[in-house]
1. Return the only residue of LEU116, LEU39, LEU15 being buried (at least 17 other Cβ atoms within 10 Å of the Cβ), touching a Leu at 6+ places or on another chain (Cβ under 9 Å) and more than 30 Å from GLY129 (Cα to Cα).
2. Taking the condition of being touching a residue at least 60 places away in the same chain (Cβ under 8 Å) and part of a helix (DSSP H, G or I), how many residues in the range 102-115 meet it?
3. Quick check on the range 18-34: of everything there that is within 11 Å of the chain's Cα centre (by Cα) and more than 12 Å from VAL103 (Cβ to Cβ), which residue is least open to solvent (accessible area, probe 1.4 Å)?
4. Please name all residue pairs, on different chains or six or more residues apart, with Cβ atoms under 7 Å, provided the first residue is in the range 1-24 and is of a type in the set (D, E, K, R) and the second residue is part of a strand (DSSP E or B) and open to solvent by less than 30 Å² (accessible area, probe 1.4 Å).
5. Of the residues PRO51, PRO121, PRO55, which is touching a Gly at 6+ places or on another chain (Cβ under 8 Å), over 23 Å from ARG14 (Cα atoms) and open to solvent by less than 60 Å² (accessible area, probe 1.4 Å)?
6. Using beta carbons and a limit of 7 Å, which pairs, at least six apart or on different chains, have the first residue in the range 61-79 and part of a loop (DSSP other than H, G, I, E, B) and the second one crowded, with 17+ Cβ neighbours inside 10 Å?
7. Which condition breaks for LYS8 when tested against (1) more than 30 Å from VAL130 (Cα to Cα); (2) open to solvent by 30 Å² or more (accessible area, probe 1.4 Å)?
8. Could you please find all residues in the range 82-100 being open to solvent by 40 Å² or more (accessible area, probe 1.4 Å), over 20 Å from GLY26 (Cα atoms) and touching a residue at least 40 places away in the same chain (Cβ under 8 Å)?
Amino acid sequence: MRSLSERKAHAVARLEGDTNVWVATGSADGVPHMVPLSLAWDGTRVLVATPTDSPTVRNAAASGLVKAALDSADDVVLIDGTVDVVDFARADPAEAHAYVTRVGWNPADQDGDWSLLRIQPRTIRVWNGVAEIQGRTILRGGAWLD
């Protein structure tokens, strides 16, 4: 079984290296919505972009909450977080540049309006198999556990 520091290092490596993240939101009347989006990790937050008229943006803007998961059921990284939604065209230039550089495409080059979602993890859980269920929380209340 991996130590807490090994789990954290692995999760951060995945956040830095994985290309996609599944983002789940819920509507005001409880309808779930989940989509895969291109992922950029800025060292503290998950950055994703999606069309402004999408259910993801509507739900995230209304609730301020998201759940996110990296692409593996065998190497789990689950994130519960708060989210800020900003117009991609008006996003902080450094954030927009970091996103474009990381994912390899620019939402500003696409048709329509796009939003940047800045997901601040409040809880991160990681595990590889049943043996790692215990001790799976590596970030709680927005702070890394040591």
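The values are calculated or read from the model by the stated rules, or taken from the named source; none is laboratory data. Fair warning: this is a prediction, and the values are worked out from it, not measured in the lab. Heads up, the Cβs are rebuilt from the backbone with ideal geometry, glycines too, and the neighbour counts pull from every protein chain shown. Each accessible area value is taken on the protein alone, full model and side chains, heavy atoms only, with ligands, DNA and RNA left out. Shrake-Rupley method; radii C 1.70, N 1.55, O 1.52, S 1.80 Å.
1. LEU116
2. Selection size over the range 102-115: 2.
3. For the range 18-34, the residue satisfying everything is VAL23.
4. Hits for this filter: ARG7/VAL126; ARG7/ILE138; LYS8/ILE138; ARG14/LEU70; ARG14/VAL77; ASP18/LEU70.
5. On the way: PRO121 fails: over 23 Å from ARG14 (Cα atoms); PRO55 fails: touching a Gly at 6+ places or on another chain (Cβ under 8 Å).
On inspection, the qualifying residue turns out to be PRO51.
6. Pairs found: GLY64/VAL83.
7. (1)
8. ALA98
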